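Reviewing the structure listed below.
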Amino acid sequence: MRNHYPRRNGFRPVTETIMLKLEVQPMDPTSSYRAHGAGIANDRLLSVPFANIDLPTAKARITAVLEGEQSCNLFFINAHCLNLSYRNPTYHQALLQTPLVLPDGSGVKKGCELNGGSLAANLNGTDLFPHICEIATKQNAPVYLLGAQPGVAEKVSGWIHEHYPGLRVAGTQHGYFSNAEEDSVVENINQSGAEILIVAMGVPTQELWLHTMQDRLNTRLNIAVGGLFDFYSGRIPRAPAWLRNMGFEWVWRFLQEPRRMWRRYLIGNVVYLSRVRKEARIRRWVRMLPERLIAPRARKLLGLQAGLRRALYRLRISSSERNKRLSDLVISGSALLFMLPVFLFIAIAIKLESPGPIFFGQTRAGIRGRPFRLWKFRSMVIDAEAKRHELEKHNEIDDGVTFKIQNDPRVTRVGRIIRKLSLDELPQLVNVLKGEMSIVGPRPGLYDEVAKYQLAQRMRLDVKPGLTSEWVVSGRNNLSFSQQAELDVAYRNHRSLWLDCKLMIKTIPALLTGRGAS
């Protein structure tokens, strides 16, 4: 898929500016909108489309969903959501693929004003909730409450019974269930007969969960509502109406939980406004572009500017690559000396358990697809590659690229331990020292996997492969290959020495806990 994230540093090539022109135009209704028979007026902020509509239109839209046959997710966006979407490609894609996204808060209103428009209505979930209950009562549509701390959803259910006695609450469930309990939670929702599922797990967890689970749910309308349960249960009081009308509810939230909210509001709001102003300037420039391209002299000037920006961008990248190579040499050399006793201990353990070589070498695709020999501690039996064809039918990953089996019979006992702690990857420090790999970068793929890459996914080959990456610290094998590739492409576009340092620090707890490893 195409990358939607503008570069944070440096200059943008002209080709990217032209592509941005396609993104900043008002978006036509998608097939999902048409499926529900709604002509929704759309606007965009930071490449995220939302329905810029008033309250009566929003209520009519929700009613149409409940009267239709297809399932629909309803998400809300505010300044914090847009900041998260800017950094999180998976969340960004979930918003893009959601039929109905409504604006929430003064940040979206300010963004519309900076782009020369206006916000039709502030349709935040907390204020919209009574209207949803009213519609659900008229449509005889039971609701299911999922999320928040244990006991909170039950209090919200009590509020509903008090204010809307004709509305049936089909069930409640707190949001602190484990992955192992997820199937039973989904089954409970489906068996309850609920037509509306209201989820309060926080951004972006609730949106990603609904985006993933939508096909498994029998509900017609799924709504992500953030902290709504806390307000209607009485656990956290809302700001006074006069303060909300002034657009300063965020100040109230900050004063209630300053330690948790200071970064979101004091830093996040400034960052959000900076990004929106930059987007507004680009939109104004794009609107001027056709007139500027008419004059030959102006075209030549634009060509010179584009050439200068490309040269400066290449200079920045080459300087960054030199610094990255220097850090790779220092870290890999020091690690090899420091980890020598660990190398010896693992080598002895492998030899004692299983006959054969200590190290396992495999040809992988490096930068620009160049082949190199990747080294690992051998964690499988000698004929593991030959046995893979026999086990293909047991592959637990259905993305068409990756091959993984949870309890792979080819893995030795020592292999399971070193793979769980990622110690089998230590010999790749030699690959880093030789310049074939880097400490941070996309994990190198096999050539039969690279052949299955989609066009956009091949962009991960633009960067030297590494020992750790964004998806290694974000779930490893718990993520599908498409999600891994999205994170790798995002790293390719935003890479910097500072980002490398953050990923290296995040790698330490990920390795110690073994989360997502197999």
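How far is it, in nm, from the label point at residue 387 to the one at residue 505 when both lie 7 Å from their Cα along the line to the Cβ?
For the pair residue 387/residue 505, the computed spacing is 4.2 nm.
As an exercise, take the mean of 1/r over every pair of distinct alpha carbons in segment 430-496, invert it, and state the Kirkwood radius in angstroms.
Taking the inverse mean of 1/r over all distinct Cα pairs, segment 430-496 comes out at 12.1 Å.
Can you pull the Kirkwood radius for segment 92-145, inverse mean 1/r over Cα pairs, to one decimal in Å?
13.3
Straight-line reach only, C-alpha to C-alpha below 25 angstrom: list the lysines that residue 109 could link to, leaving out same-chain residues fewer than 8 apart.
Hits, sequence-local ones excluded: 21, 59, 278.
How long are the semi-axes of the equivalent ellipsoid of segment 261-385, defined as square roots of 5 times the Cα gyration tensor eigenvalues? Whole Å, largest first.
Rounded to whole Å, the semi-axes are 52, 23, 16.
Using the scaling law 2.2 N^0.38 Å as the reference, what is the normalised Cα Rg of segment 57-199?
Expressed relative to 2.2 N^0.38 Å, the Cα Rg reads 1.14.
For segment 99-182, restrict the atom set to alpha-carbon positions and state the Rg and Dmax in Å.
Both quantities, over Cα of segment 99-182: 16.6, 49 Å.
At 1.4 Å probe size, with every protein chain present, just tell me what the per residue accessible area of segment 126-212 comes to in Å².
Using a 1.4 Å probe on heavy atoms only, each residue of segment 126-212 averages 44 Å².
The values are calculated or read from the model by the stated rules, or taken from the named source; none is laboratory data. Quick caveat, the model's predicted, so the values are computed rather than measured. Note: ideal-geometry Cβ built from the backbone for every residue, glycine included; neighbour counts use all protein chains shown. Remember, those area values only see protein heavy atoms, side chains included, never the ligands or the DNA or RNA. Shrake-Rupley method; radii C 1.70, N 1.55, O 1.52, S 1.80 Å.
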